[in-house]
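The values are calculated or read from the model by the stated rules, or taken from the named source; none is laboratory data. Keep in mind that this is a model prediction, so the values were computed, not measured. Please note: Cβ atoms are built from the backbone with ideal geometry, for glycine as well, and neighbour counts cover all protein chains shown. These accessible areas exclude ligands, DNA and RNA; they are computed on the full protein's heavy atoms, side chains included. Shrake-Rupley method; radii C 1.70, N 1.55, O 1.52, S 1.80 Å.
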Amino acid sequence: MLSAKTLKTVLGKLEKKVGNRQLAQSQETAEKTHKTLEEVLISEALVEENELYQKAASVLDVPMVSLKGKEIKKEILNLIPGPVAGTHQVVAFEKDKDQLKLAMTDPTDIQTIEFLRRKTGLEPLVYITTPSDLKDAIRRYHAELKDEFSVVKQDTSEERAQGDLKKAAEELPIINIVNSILEHAVYENASDIHIEPEEKEVAIRYRIDGILKAVMTLPKNVQNGITARIKILSNLKLDEHMIPQDGRFKIQIQEEKLAFRVSILPVYDGEKIVMRLLHEGAKSLTLDELGFLDSAKKKLESAIKKPHGMILVTGPTGSGKTTTLYSVLGILNQPGVNISTVEDPIEYRVNGVNQSQINPKVGFTFASGLRSLLRQDPNIIMVGEIRDQETADISINAAMTGHLVLSTLHTNDAPTTLPRLIDMGIPPFLVAYTVNIIIAQRLVRKICTYCKKEFVLEGAALDELAKMFDIEKLSGLFKENIKDFDTKANSLSFYQGAGCVRCGQTGYKGRMGIYEVMEIDDGLAKKINERAPADEIKKYARENGMATMLEDGIVKAKIGITSINEILRVTKE
């Protein structure tokens, strides 16, 4: 679709065809039916699609191309995977030496053009095409996959796949299907791939921005070949179907190296596969990119500068704890210090950091690994997770004897972490003396910048917000973190995503953290020594300036980074 700005300019050139009254009516229809203005204008025959895009080509000074009936070579079409083509409304149709010709419905989408320049290593030449032409071209991806399935259906019976799994896994159609699943996941920026056998088919789902999304279903007859192929890649036992297996493999897509952590579990209809994508060599994010507000960022930067003590990050699985620790390591990673880690698993490779992975099968646990690290003359230690008393005890003692220790714990919020450590058998005075700062976090989806809309919270909705928050404190947080903050007494403006092609109609694209940052000061140390419960610790911390995750999230919703609904979804107990 054309961008709103381009559409407005083009309609101005077609003003004799579409009057102001018709335009206003179409805009109203678009809002009611949750369609774009362009879709309404074309469906109501107020403007002809081809004419609209020819005029857009003239306005933007971009050549136009018709894709209907145009022969596109398979290897050129596949330079951009199908899901990417559909999401970003772009297909590759010709390649000339180091140049790639792209057909797009929105040639002003610089972000996608730059993304494809990096991914393909070719110089994009942009053409404009109509949505119907592009839709026709995207259908070819589905036709290709169907061809692969038909080949498998003819050549690979389920019985033969059972009898000769290795041969089935090496057949070209199976290799192509697995490659497509992996590549599409990478281009869609998925964090996990789920391959789920069902009675009559195989479901493929991706976890994108923390939400599982069904992407395709495959015929049942490819199930054994796909499972065998992934087992071979992961160096797992092909003939083992009754017990869980874990493995890992690496691939390279263009310039990017990726590792896949594989878990295979026997289920009723076969073996379910879950693969976690790990971007090897990915640059650590800055604290700003992670989403720390200024006040929280200053507290964390202050804790990082301390020569010893503990920095703890807490939250459930998948809340981004490890990413936060890697970002802190990125700040600390200087030539003058020795940084050692013990992890399970090593999710990102960091140059200049000595990383080791635990292996319980041979007795290499967090506790034994940590003991060994202490004999390696470290300045900074990262322990992937404190799971038991032994690991907690060694970590606390390491922090007490002059090391900076970074680790994670599974607790719901920052105040709960302190009683949890004491419950593990750590004396309260050691907890009070060694812990510098605790960060609790969750990941929330960011509003799609292409379809973000403002709305005003007022009346009953505002009353509900007042029940959940101390409005006076909330206003103080807004003033502290938002420049030129001003609001009426009875209304507040927030944002939400309407849903568009680029975000898969979800209204969200990408994720960021919401945080609860609790510094351990003298007053809090006294509470810890008194074995104060979590509620009392939380009350003290809040009275002394700590913003809860919910409050941190509402500030980000007010800024327009995320939505109120998303904050409530993630923080509800």
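In this structure, residue 198 does satisfy being surrounded by fewer than 17 Cβ atoms within 10 Å (Cβ to Cβ), within 15 Å of residue 273 (Cβ to Cβ) and modelled with pLDDT of 75 or more.
For the stretch 281-296, the condition of being over 30 Å from residue 555 (Cβ atoms), surrounded by fewer than 19 Cβ atoms within 10 Å (Cβ to Cβ) and without any contact (Cβ under 8 Å) to a residue 40 or more places away in the chain holds for none of the residues. Please determine whether any residue of the stretch 248-260 is in contact with a Leu (Cβ under 6 Å, 6 or more places away or on another chain), at pLDDT 90 or above and open to solvent by 30 Å² or more (accessible area, probe 1.4 Å). There is no residue in the stretch 248-260 that is in contact with a Leu (Cβ under 6 Å, 6 or more places away or on another chain), at pLDDT 90 or above and open to solvent by 30 Å² or more (accessible area, probe 1.4 Å). Among the criteria (1) open to solvent by less than 10 Å² (accessible area, probe 1.4 Å); (2) more than 19 Å from residue 307 (Cα to Cα); (3) modelled with pLDDT under 95; (4) of a type in the set (S, T, N, Q), the one residue 441 does not fulfil is (3). Kindly provide the set of residues from the stretch 98-123 that are open to solvent by less than 20 Å² (accessible area, probe 1.4 Å), part of a strand (DSSP E or B) and closer than 28 Å to residue 48 by Cβ, ordered by number. Hits for the stretch 98-123 are 102, 103, 104. Of the candidates 340, 395, 319, the single residue that is crowded, with 19+ Cβ neighbours inside 10 Å, in contact with a Pro (Cβ under 6 Å, 6 or more places away or on another chain) and of a type outside the set (Lys, Arg) is 340. No other residue among 428, 415, 419 is surrounded by 18 or more Cβ atoms within 10 Å (Cβ to Cβ), out of contact with any Ser or Thr (no Cβ under 6 Å at 6 or more places or on another chain), touching a residue at least 60 places away in the same chain (Cβ under 8 Å) and farther than 30 Å from residue 291 by Cβ apart from 428.
The listed residues are 485, 478, and the only one of them that is farther than 14 Å from residue 414 by Cα, modelled with pLDDT under 75 and of a type in the set (Phe, Trp, Tyr) turns out to be 485. Under 7 Å between Cβ atoms, which residue pairs at least 6 apart in sequence (or on different chains) link something in the stretch 502-516 that is in contact (Cβ under 8 Å) with a residue 12 or more places away in the chain with a partner that is buried (at least 19 other Cβ atoms within 10 Å of the Cβ) and among the acidic types (Asp, Glu)? These pairs meet every condition: 508/209; 510/209; 511/209; 514/552; 515/552; 516/413; 516/552. Quick check on residue 350: is it of a type in the set (A, V, I, L, M) and open to solvent by 60 Å² or more (accessible area, probe 1.4 Å)? So residue 350 fails the test.
Each residue in the stretch 324-365 was checked for being within 21 Å of residue 277 (Cα to Cα), without any contact (Cβ under 8 Å) to a residue 24 or more places away in the chain and in a loop (DSSP other than H, G, I, E, B), and 2 pass. Of the helices (runs of 4 or more DSSP H) entirely within the stretch 1-52, those holding at least 1 residues that are acidic (Asp, Glu) and under 24 Å from residue 85 (Cα atoms) occupy 37-43. Looking across 374, 404, 409, one residue alone is closer than 30 Å to residue 538 by Cβ, modelled with pLDDT of 90 or more, of a type outside the set (Lys, Arg) and out of contact with any Asp or Glu (no Cβ under 9 Å at 6 or more places or on another chain). It is 404. Quick one: what pairs do we get from the stretch 219-248, first residue acidic (Asp, Glu), second at pLDDT 90 or above and open to solvent by less than 60 Å² (accessible area, probe 1.4 Å), C-beta under 6 Å, 6+ apart or different chains? Close Cβ pairs (under 6 Å, with a partner that is at pLDDT 90 or above and open to solvent by less than 60 Å² (accessible area, probe 1.4 Å)) amount to 246/263. Summed over the stretch 52-97, residues that are open to solvent by 60 Å² or more (accessible area, probe 1.4 Å) and within 29 Å of residue 8 (Cβ to Cβ) total 8. Consider the stretch 23-51 and keep the residues that are loosely packed, with under 14 Cβ neighbours inside 10 Å and aliphatic (A, V, I, L, M). The one that is farthest from residue 451 (Cα to Cα) is 45.
Of the residues making up the stretch 60-74, one or more are within 28 Å of residue 507 (Cα to Cα) and in contact (Cβ under 8 Å) with a residue 12 or more places away in the chain. In the stretch 434-451, the residue that is nearest to residue 393 (Cα to Cα) out of those that are β-branched (Val, Ile, Thr) and in a strand (DSSP E or B) is 435.
For residue 244, state whether it is surrounded by 14 or more Cβ atoms within 10 Å (Cβ to Cβ), over 30 Å from residue 404 (Cβ atoms) and of a type outside the set (Lys, Arg). Against the criterion (surrounded by 14 or more Cβ atoms within 10 Å (Cβ to Cβ), over 30 Å from residue 404 (Cβ atoms) and of a type outside the set (Lys, Arg)), residue 244 does not qualify.
Only a single item in (1) in contact with a Gly (Cβ under 7 Å, 6 or more places away or on another chain); (2) closer than 16 Å to residue 179 by Cβ is not met by residue 223, and it is number (2). Within the stretch 185-226, the set of residues being part of a loop (DSSP other than H, G, I, E, B) and under 25 Å from the mean Cα position of the chain (by Cα) comprises 188, 189, 190, 191, 209, 210.
A residue that is over 30 Å from residue 542 (Cβ atoms) and of a type in the set (Phe, Trp, Tyr) can be found somewhere in the stretch 256-268.
Scanning the stretch 124-139 for residues that are open to solvent by less than 60 Å² (accessible area, probe 1.4 Å) and at pLDDT below 85, we see that the one that is farthest from residue 53 (Cα to Cα) is 138.
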